[in-house]
Structure formats: structure tokens, C-alpha cells
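In what follows, a single structure is set out as C-alpha cells and then discussed.
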Amino acid sequence: MATLHDNGYFYCKACGRDDLTREDFYVDRSKKYGLSRLCKRCESERTKKPKHDHYMRSERHQQSLRRQSKRRYYLKNREEIMIKSRAYKRREPGRIRGYLLKRKYHLTAEERAEMIEAQQGLCEICGEFHGDKLFVDHDHQTGRVRAMLCRHCNTGLGFFKDDPDLLQIAVVYLRSYAVDVDE
């Protein structure tokens with residue numbers, strides 16, 4: 001408990017300092033003088049070890065250790081991993097793309113091919129022929145697949161954040177600066 005001396009300073013029994021003010025203690029209304037038993041520095045030392053021990057047992061810490069271990073392994077074996085990765089990609093050319101299509105868009109490679117065939121290999125926006133080099137366009141809010149677009153149109157929609165109002169403003173802007181050919 002904080003002990004008040006005649007000179008107006010408080011004394012901490014843990015560290016022995018006797019030149020402490022009220023600001024050097026935490027507030028604890030249940031104690032005498034309304035101050036905690038130990039000064040802030042001693043209280044911090046007292047609670048540091050249990051907090052540290054609790055963190056060391058936590059799942060968050062375990063995940064951090066696993067991440068560090070994986071990172072060290074990767075850095076140590078990077079060349080070998082890259083060689084294996086390139087070999088796998090050569091051996092299974094469409095497998096990674098199929099996995100990503102399924103995971104990101106819930107779309108199989110066959111469904112993607114059907115969509116391209118239905119659009120006859122044309123971009124839905126600009127109408128240019130791109131064959132099977134079209135990209136999946138989807139609504140970022142709902143995740144729903146909309147159509148197949150060329151890289152430029154799909155990227156453009158992404159830059160405009162799929163916002164029709166923003167696209168309309170861009171149309172007005174472009175038209176206001178359009179050069180009249182007849183002049």
C-alpha cells in the first residue's frame with residue numbers, strides 16, 4: 001500500500017522509493033489514499049511476466065511461430081521450391097487456373113469456356129475478339145459473375161470501383177473534351 005510521509009511524498013514498499021507523488025500510482029478507490037498498493041513501475045513489472053506467459057501459450061503466438069518457421073524454410077530452400085513450382089506448372093498447365101477460378105468465382109473451367117463460347121470470344125463491353133483470353137468480370141459486393149471481358153475493360157471497371165455514377169461522370173468528362181472533327 002502506498003504510504004504517505006510527512007513531507008507529502010508517497011513511499012512504495014516494493015521498490016523502496018520514497019519520493020513518489022500521486023501521479024506515480026494507479027488510482028484504486030478501495031485502498032487508503034485512493035492509490036494502488038504499488039507504484040506504476042512496480043505494478044508494471046509485477047504484471048509483465050503473467051501477461052508474457054499468457055501470450056506465449058496463446059494461439060496467436062503459436063501462429064506467429066509457424067509463420068516464422070515457414071518463412072525461414074522458404075528462404076533457405078527458395079531455389080529448390082521455385083524449380084519444383086515451375087515443373088508443376090509445366091506438368092499441370094490449367095490446374096492452378098482451374099483451382100483459382102473455382103475458389104474465387106465458384107466457376108469451373110468448363111463453365112468459363114461455355115461463357116466464352118456464348119459470347120463468341122468477344123468482350124462484352126468493347127466487342128473486340130479475344131478468343132479464350134477473356135477475363136471473368138464479377139460484382140465485388142455480391143461476388144456474382146457478370147460476363148467475360150478483355151483485360152482493358154475489366155481493369156477499367158476495377159479502376160472505377162464498379163460505380164456506374166463514376167463511369168457516367170467519366171463519360172461526361174470525355175465528351176466535354178472531345179475534339180470535333182468537322183472544325
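Would you mind finding the one in Tyr105, Tyr55, Tyr88 that is over 23 Å from Gly143 (Cβ atoms), surrounded by 12 or more Cβ atoms within 10 Å (Cβ to Cβ) and not charged (D, E, K, R)?
From the options Tyr105, Tyr55, Tyr88, the qualifying one is Tyr88.
Give me the pairs: first residue in segment 4-22 and closer than 15 Å to Ser36 by Cα, second residue of a type in the set (Val, Ile, Thr) and part of a loop (DSSP other than H, G, I, E, B), beta-carbon distance under 9 Å, and six or more apart or on different chains, which are they?
Sorted first by the residue in segment 4-22, then by its partner, the pairs are Tyr9/Thr21; Phe10/Thr21.
Throughout, read-outs are computed from the coordinates displayed, never taken from laboratory work. Values in this document were obtained by computation on a predicted structure and should not be read as measured data. Glycine also receives a Cβ, built like all others from the backbone with ideal geometry; neighbour counts cover every protein chain displayed.
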